[in-house]
1. Just report the Cα centroid separation between segment 310-333 and segment 345-398, whole Å.
2. Does a label point 7 Å from the Cα of residue 342, set along Cα-to-beta-carbon, have any residues of segment 272-312 with amide nitrogen under 17 Å, and which are they?
3. Need the full-extension length gain, residue 286 to residue 162, defined as separation in residues times 0.36 nm minus the C-alpha distance. One decimal, nm.
4. Can you pull the one-decimal nm distance between simple spin-label points at residue 138 and residue 273, each 7 Å off the Cα toward Cβ?
5. Quick one: length gained pulling residue 93 to residue 226 fully straight, 0.36 nm per residue minus the C-alpha distance?
6. In what sequence, highest mean first, do 276-289, 398-411 appear when ranked by Cβ atoms within 10 angstrom?
7. Give the shape of segment 279-417 as rounded, prolate or oblate, defined through the alpha-carbon gyration tensor: a ≥ b ≥ c are the square roots of its eigenvalues, a/c under 1.5 means rounded, and otherwise the shape is prolate if a/b is larger than b/c and oblate if not.
8. Sorted from largest down, give the three principal axis spans of the alpha carbons of segment 256-353, whole angstrom values.
Amino acid sequence: MRRRQLRTEVGHPTPTNDNYLETKGRPKRNPIVLWGSIILNVLFLLHVIYRRYSSKNNQNLRTQPRKTTRLSHLNDESVVPIPRDSKDNILSLEERLRYLEMKFATRVSFGTKDPFVGSSDNPKACGRQSDLKEFGCTENHPYNGYSFKDCPGFFDHHVCLDILPPPNSSSKKKKAPPCLVYDFGVRDMPTFGLTMAQTFGCEIHAFDPSPVSVKWWNSETHAARAAILNDPEVSKLYHFHTYGSGGIDGTINLVDYDWGQVSLLRYPPYVVDCNQTDISKPCKVNPTNQQKAYPLEVKTLNTIRKELGHQDRIIDYLKIDVEGSEFAFLEQILDTNGGCPAFIRQIGIEWHHFSVDSRYGEGSSGQVNAIVALLKSCGFELFWQWSKLGWKSGERIFHDLEMKDVRYNLASFIRKK
């Protein structure tokens, strides 16, 4: 009582709340508030511990497939690889679901905003584009062995000049070539790669396992081969590899195709012919021309970059003209780089054997849409194409196989981000 009087006398307010007791001059907390604070702190601590454990566990899941007793067979990658990022880490479950969602929706055009994404071009994405005729199809460049009038057909792929070095800039004083080009599909006409080497000083790596290509490379009399051998600058820049592009690393059977090239596309040994006028007679079963098979080596782009020591280099132009292998090759590139090959600046493709979606018609192809949509999400813009429709094949074999809608097209992309 005396203490309360003294505190009042010196000007201190007198506590009036019965929940407070004067102990050493400080109020005592309500027990309910105290225990509530303790519980909240414990819950927060448990949350922090859980997040750290969960983060560490998720990191382990990204580096190796989950091991379970019942579903361990789903970790098998002999047929369907598990998607990974560019550092070979397995994508998280959320990333894999979204990636699968994008591939499936664009492939079947279910719920997509643009069923024509594969042919929706943006010419403004490139300020100045060229098919390289202005550089390689002149009287000053007879190296390819073809006359000026024959140039059409040998310069199919368009290049955006905006991000290439100035034409005809000398590379003699440079320590390294200013650009890197991968040229898949050469046959015996290396016009694209040779023009890029001579005009821009690019380092060229050409790939083609076709017998006609290997024969060309081993010849010293072919005009284009002689041009490489006789030009010291070009011979340092142009490199040819006798293996092809693939969705796997190894040896696969490629079969005869047009113009001495090889392809994945296999024809059946027999086709049914029902064109006879007498409908009472059964249809004929006719043999097709047997395709000769060649066991040839193919490699994925990741393996090629690693073997050539280009893991840390940008590919300035990736040209893919591989008679149908472009789908497996590009799909593997996307699946092993998180759907975004950011190390590529430009891509030139010839699409083979695709068809259109009958619900939407010309310009809508599920096979093409699935790849282009992923490229678009990675920042690639379609700046040129031969046409939105492509061109249809007139080969009889496709009609005999009831492949009524077999198309081809040319397309060029540039990465803008």
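1. After rounding, the separation between the Cα centres reads 16 Å.
2. 311-312
3. Stretched fully, the residue 286-residue 162 segment lengthens by 39.3 nm.
4. Each label point lies 7 Å from its Cα, and together they span 5.2 nm.
5. Values: separation 133, 0.36 × 133 = 47.88 nm, distance 5.36 nm.
Answer, rounded to one decimal: 42.5 nm.
6. Working: 276-289: 9.2, 398-411: 15.8.
Ranking the peptides 276-289, 398-411 by packing returns 398-411, 276-289.
7. Numbers: a/c = 2.92, a/b = 1.65, b/c = 1.77.
Taking the square roots of the gyration eigenvalues as a ≥ b ≥ c, segment 279-417 is oblate.
8. Here the Cα extents, ordered largest to smallest, are 67, 25, 22 Å.
The values are calculated or read from the model by the stated rules, or taken from the named source; none is laboratory data. Given the structure is predicted, the values throughout are model-derived calculations rather than measurements. With ideal geometry, Cβ positions are generated from the backbone for all residues, glycine too; neighbour counts draw on all protein chains shown. These area figures cover heavy atoms from the full protein model, side chains too; ligands, DNA and RNA do not enter into them. Shrake-Rupley method; radii C 1.70, N 1.55, O 1.52, S 1.80 Å.
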